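Below is one structure; the comments refer to it alone.
The values are calculated or read from the model by the stated rules, or taken from the named source; none is laboratory data. Note that the coordinates shown come from a computational prediction; the quantities given were computed from them, not determined experimentally. Virtual Cβ from ideal backbone geometry, glycine too; neighbours counted across all protein chains shown. These area figures cover heavy atoms from the full protein model, side chains too; ligands, DNA and RNA do not enter into them. Shrake-Rupley method; radii C 1.70, N 1.55, O 1.52, S 1.80 Å.
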2 protein chains.
Amino acid sequence: MTESLNPERLACWRAYIESSQRLFTQLEEDLRADSELSFADYHVLVLLSEAPGQRLRMGELAGRLVFSPSRLTYQISSMQKRGLVAKESCPEDRRGSEAVLTAAGLLTLRDAAPHHLASVRTHLMDDLDDAEVACLTRVFERLGRRLRAARDASSTPADN
Amino acid sequence: MTESLNPERLACWRAYIESSQRLFTQLEEDLRADSELSFADYHVLVLLSEAPGQRLRMGELAGRLVFSPSRLTYQISSMQKRGLVAKESCPEDRRGSEAVLTAAGLLTLRDAAPHHLASVRTHLMDDLDDAEVACLTRVFERLGRRLRAARDASSTPADN
DNA sequence: GAGCCACCGTTGCAATTTGAACGAAAGCGG
DNA sequence: CCGCTTTCGTTCAAATTGCAACGGTGGCTC
């Protein structure tokens, strides 16, 4: 049962999985406690707030959030009902549409961000020293690049 | 917007979130591809297979999986329908019940484990050196302890 | 041993998420 | 300018998940 992952690495893997699960659950809970936002809502707002024109194509947003297309459609329409974003059809490509941050959405984000970031610090970051931060950054940026590459490769059946 | 988390740490946080999301999605997909199991199914089977008597109380299982009680009820009943686990009422405490691994469940696990572990290796572990594994283990075990402690503390209103 | 409060899981129901099927455009080759 | 294939998002139905309310004990106090 363990022939393909030595005990140290298995323990590492398990600690990572469980703690991450717990952390995401906790952050979600904190976020809901002092704002009307879910973790997903918050990330949508962050991405839009940083985008040029504070707008992004649905596909782009789905890709960055690691959401399925239909999930994103639902997510955005939910935020639209609450007035956090608006949806406009894309001028260059009439198939597509883009989500646009509203003034209310920006205010909501500015309001929630300090609480959320504080939450990230207390639960995770404040407990890490600089070397650990550097290690995590290195590992997860590498992992992200690899997984994005793998995803892109699998959509292109390839040249075998 | 950034006054409470410096740029390095913010980047670290973001890489961690996004890559983890991608990794979990990928592992789930791989698991479904070469077994009939979801990530949750797999973890239930692992925990039960390691438990004495290959059985665990619902609450214990929920705690370790970081599942809400109702989610676990649903999860187990789903696995029960597929014959992977059985449910028995607990002798010592008639309020509770316990999930028991079935022979079929164990076989399914043994069958799926090599594939899943290979998947964990190719997507994550094979790309880490020993120092990185050590760092992740240290960080996430500490995080897990802290979050469990926080959760326990918040359920006990406390002595203020 | 009655009264009460805490705990264990389950249920009912609403909200969310997935996955397949679609309609509308774009892009391409002829 | 046709057909054909792809891509972009959406939609619908089904599966999953969260949340609040419950039924059934256990535990404790008096």
Mind listing the label-point distances from A:D126 to the same position on all other copies, shortest first, one decimal in nm, points 7 Å along Cα→Cβ? 4.1
Exercise: per-residue mean of other protein chain Cβ atoms within 10 Å, A:39-49: 1
Between region B:78-146 and region A:20-72, what's the alpha-carbon centroid distance in Å? 28 Å
Compactness check, chain B: C-alpha Rg relative to the 2.2 N^0.38 Å globular estimate gives 1.24
Taking Cα pairs closer than 8 Å and at least 6 residues apart, the relative contact order of region B:37-112 in percent is 34 percent
Rg/Rh (Cα only; Kirkwood hydrodynamic radius) as it applies to the protein assembly as shown: 0.98
Say a label goes 7 Å from Cα toward Cβ at B:K81 in every copy; what distances in nm does this one have to the rest, shortest first? 2.6
Over all directions, region B:74-160 yields a Cα convex hull whose mean projected area in nm² is 9.8 nm²
Most fluctuating residue given options B:R145, B:R121, B:R32, as computed from a GNM of chain B linking Cα atoms under 10 Å: B:R145
Helix-only [θ]222 nm of chain A, DSSP H runs n ≥ 4, -39500 (n - 2.57) each, per residue, nearest 500: -22500 deg cm²/dmol
With springs only between Cα atoms under 10 Å, which of A:D127, A:D34, A:D111 fluctuates most in a Gaussian network model of chain A? A:D127
Could you tell me the total accessible area buried at the B-A interface, probe 1.4 Å, in square angstrom to the nearest hundred? 6100 Å²
Sorted by chain and then number, the residues having a modelled amide H within less than 5 Å of the amide H of A:T102, at least 5 places away or on another chain, are A:V85, A:A86
Over the protein assembly as shown, give the accessible area per residue in Å² for a 1.4 Å probe, as an integer. 52 Å²
Relative to the first principal axis of the alpha-carbon coordinates of chain B, what is the inclination of helix B:69-81, with its axis defined by its Cα atoms, in degrees from 0 to 90 and to the nearest 10? 50 degrees
For chain A, give me every cysteine whose Cβ has no other Cys Cβ within less than 4.7 Å, ordered by residue number. A:C12, A:C90
For chain A, give the magnitude of the charge dipole about the Cα centre (Cβ charges: +1 Lys/Arg, -1 Asp/Glu; no others), in debye to the nearest 20. 640 debye
Phi-based couplings in Hz for region A:87-104 (Karplus 6.51, -1.76, 1.60; Gly and Pro marked x): 10, 10, 7, 6, x, 6, 9, 5, 6, x, 9, 10, 8, 10, 6, 8, 4, 4
Got a sec to turn the phi values of region B:48-58 into Karplus ³J(HN,Hα) couplings, 6.51 cos²θ - 1.76 cosθ + 1.60 with θ = phi - 60°, whole Hz, x for Gly and Pro? 5, 5, 8, 7, x, x, 6, 8, 9, 5, 4
Contact order relative to length for chain B, counting C-alpha pairs under 8 Å separated by 6 or more residues, stands in percent at 20 percent
How much of the accessible area of chain A, probe 1.4 Å, is carbon plus sulfur, in whole percent? 52 percent
Based on the Cβ-Cβ distance of A:R95 and B:R94, what FRET efficiency does E = 1/(1 + (r/R0)^6) give at R0 = 56 Å, to the nearest 0.05? 0.40
Taking only Cα atoms and a 10 Å spring cutoff, compute GNM fluctuations for chain B and point out the largest among B:P69, B:P52, B:P114. B:P52
